[in-house]
Ligand SMILES: *Cc1c(COP(=O)(O)O)cnc(C)c1O
C-alpha cells in the first residue's frame with residue numbers, strides 16, 4: 001500500500017535549518033525605492049539592472065499594444081498565437097545579438113529545458129559548470145544524456161571531461177555571468193576546447209545581456225566570439241530588459257530545430273503580444289544605455305573597494321552582482337535582517353540555491369542607484385561589520 005502524505009516534517013526541518021523561504025509583499029513598482037511589507041526600503045536585490053521595468057517608454061509601448069492587440073495571445077506559436085509583435089521582436093533581437101535568428105520562449109527556465117532536451121538525449125553527453133543556474137542543471141538532468149559537472153570556471157577539468165567522451169554528441173553549457181556569483185565564464189577558452197572536441201557551446205547570459213559587451217550585447221560579444229564558436233545563446237527578458245520572457249539566439253537551423261522539437265516551445269501559450277511590444281521598446285533603450293552601464297560599473301567598483309577595506313569577503317565579480325560571502329545561514333539572515341531594519345533590502349541567499357557553507361548576501365546594483373544610495377548602504381555595512389564572524 002502507498003505511504004500516506006505527510007508534509008509537515010519537511011517543512012519544520014527546513015525551518016530548523018534556517019532555510020525556510022518567505023515571500024515579501026511588494027506594494028510599489030520594481031524600482032530602487034520600494035514599499036515592502038508596508039516598509040519603505042532601498043532595494044539592492046533586483047535584476048532590473050538598467051531600471052527598465054518601470055520605464056515610461058516601456059510602459060507606454062505595453063499599454064498601446066494592449067489597446068491595439070489585446071491581452072492574451074490565445075494559443076501557442078505553432079497554432080495561431082504567433083503575433084506580429086513576437087515576429088518583429090525576434091528579428092530585432094537576432095540583429096542585436098548578431099546572429100541569423102532568435103526564437104522567443106515564455107521564460108528562461110523553459111528556454112533552457114526545451115533547448116537542451118531538443119538537442120541531446122540518450123547516448124549524448126552534457127557538460128555543465130558546477131555553479132550553473134538551476135534551470136540548466138535541471139535541463140541536463142532530464143535530457144537523458146550523460147550529465148557531468150566540471151569545477152567552476154575550470155577549463156582544464158572541462159577539457160578532461162571532453163576528451164573522455166567516446167560516442168554521441170557533446171554539449172557544453174555555462175552561464176555567461178553566473179547568477180548567484182556574478183563572475184563570468186572564460187568563454188574564449190571554453191569555446192576553444194569545445195571546438196577541438198566537436199562539442200557545441202550553449203551560453204545562458206541572463207545577466208550579461210544589457211550589462212556587458214558593446215551596446216549591452218552580452219558576454220559572447222564582449223569576448224568577440226562568433227556563432228560558429230558559441231552556437232547557442234540564451235537571454236532572459238525579465239532581467240536587464242525589464243519585461244518578461246526569454247530568447248534563444250543562433251543559426252536558422254538551430255531555431256528551426258527548436259521550433260520543431262523543443263517541447264516547452266511547442267506546448268505552451270505564446271507570451272502576450274504586448275509583452276513583446278514592451279520588450280521592443282526596452283531593447284531600443286538597452287542598446288543606447290552606455291551611460292547607465294558606465295554608472296553601474298562605477299557603483300560596483302566603489303562598492304568593492306569599500307567593502308573589501310572593511311574586511312568583508314567578496315566573490316571575485318566585476319558584474320553588478322556582488323555577493324558578500326558570509327558562510328553560515330544564520331549569519332546571512334542576521335545581516336539581511338539588520339540591513340532591513342536600517343532601510344535596505346538585501347536578500348540572504350542560502351543552500352540549496354548555493355553550495356553548503358556559502359550562504360551570502362547577494363547585493364545587486366541598478367543604474368538607478370545614486371551615489372547617495374550606495375554611501376548609505378556602505379555606512380550600514382560598516383556598522384554591521386562587527387556583528388558576524390566572517391573568518
Ligand atoms: C533568471 C535566470 C533564468 C530563468 O529565467 P526566467 O525567465 O526567470 O525563467 C535562467 N538562467 C539564468 C542564468 C537566470 O539567471
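The values are calculated or read from the model by the stated rules, or taken from the named source; none is laboratory data. Note that the structure is predicted; figures quoted are calculated from it, not measured. In this analysis, Cβ positions are derived from the backbone assuming ideal geometry, glycine residues included, and neighbour counts consider all displayed protein chains.
Worth pointing out:
- Residue pairs meeting the criteria (Cβ under 7 Å; at least 6 apart or on separate chains; first farther than 15 Å from residue 151 by Cβ, in the range 126-138; second part of a strand (DSSP E or B)): 126/147; 126/171; 126/173; 133/175; 133/204; 136/128; 136/173; 136/204
- If only residues of the range 151-184 that are assigned to a loop (DSSP other than H, G, I, E, B) and in contact with a helix residue (DSSP H, G or I) (Cβ under 7 Å, 6 or more places away or on another chain) are counted, the one that is surrounded by the most Cβ atoms within 10 Å (Cβ to Cβ) is 176.
- Single residue of 132, 80, 117 found to be exposed (fewer than 15 other Cβ atoms within 10 Å of the Cβ) and under 24 Å from residue 249 (Cα atoms): 80
- Cβ-Cβ under 6 Å pairs, at least 6 apart or on other chains, the range 94-109 side more than 15 Å from the ligand (Cβ to nearest atom), far side modelled with pLDDT under 95: 99/227
- Taking the criterion of being over 28 Å from residue 46 (Cα atoms) and within 16 Å of the ligand (Cβ to nearest atom), the residues of the range 172-200 that qualify are 172, 190.
- Scanning the range 309-327 for residues that are in a loop (DSSP other than H, G, I, E, B) and touching a strand residue (DSSP E or B) at 6+ places or on another chain (Cβ under 6 Å) yields a total of 4.
- Residue 278 in a helix (DSSP H, G or I), under 21 Å from residue 47 (Cα atoms) and over 19 Å from the mean Cα position of the chain (by Cα): yes
- Apart from one condition, residue 90 fits all of (1) under 28 Å from residue 182 (Cβ atoms); (2) in contact (Cβ under 8 Å) with a residue 12 or more places away in the chain; the exception is (1).
- Among the residues examined, residue 138 does not qualify as within 16 Å of the ligand (Cβ to nearest atom) and under 12 Å from the mean Cα position of the chain (by Cα).
- Residue 225, sole failed condition from (1) assigned to a loop (DSSP other than H, G, I, E, B); (2) within 24 Å of residue 95 (Cα to Cα); (3) within 13 Å of the chain's Cα centre (by Cα): (3)
- The residue that is farthest from the ligand (Cβ to nearest atom), among those in the range 203-220 that are touching a residue at least 60 places away in the same chain (Cβ under 8 Å) and surrounded by fewer than 24 Cβ atoms within 10 Å (Cβ to Cβ), is 215.
- Leading residue by the ranking (farthest from the ligand (Cβ to nearest atom)) among those in the range 110-127 that are within 20 Å of the chain's Cα centre (by Cα) and under 30 Å from residue 92 (Cβ atoms): 117
- Here the condition is being at pLDDT 95 or above, part of a strand (DSSP E or B) and within 16 Å of the ligand (Cβ to nearest atom); of 249, 240, it holds for 249 alone.
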